[in-house]
Amino acid sequence: MLIFKYCKDGKAYSDFTVLEKMTKIIRDHEGHKNGVISFNTENVVNAVRIAIIRNGFDFTNVAFAMADVLTKDIELITLDEKINLSHWPKGFCDNEQNFLREIVSNRRKKD
């Protein structure tokens, strides 16, 4: 299984090349037993999902993971046949959503 691990020390991927890079990573991994790709940018999640859809990659061979900062436990996040995530843990690629919530909340206070 190829695991995309969200972590502080992971690699950042540019919006301009993320889909191409995720497609290549998944394609290059096909046929291998296990692999871990560490990343720290939210754009990887949807780029992986689109790469699977566009290229017909086997979704059961790809998963995401997140390490709990305090306990160091690894939480596995799998995909279903619709390429939906099994769950979205707090702290997993949610900075952008949290920023948007804060902007909306601030806007409401000013209205």
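See the values below:
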read-out: Mean ellipticity per residue at 222 nm, deg cm²/dmol - from DSSP H runs of n ≥ 4 across the chain, formula -39500 (n - 2.57); value: -12000 deg cm²/dmol
read-out: Estimated inter-spin distance, residue 108 and residue 33, nm [label 7 Å along Cα→Cβ]; value: 5.1 nm
read-out: Most mobile listed residue (80, 15, 94) in the chain, GNM with C-alpha springs under 10 Å; value: 80
read-out: Compactness index (Cα Rg / 2.2 N^0.38 Å), the chain; value: 1.17
read-out: Listed residue (99, 55, 37) projecting farthest to the positive dipole end of the chain, Cβ model; value: 99
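Each value in this text was obtained by applying a stated rule to the coordinates, not by laboratory testing. The shown structure was predicted, so the numbers you read here are calculated from the model rather than taken from an experiment. Every residue, glycine among them, receives a Cβ derived from its backbone with ideal geometry; neighbour counts consider all protein chains shown.
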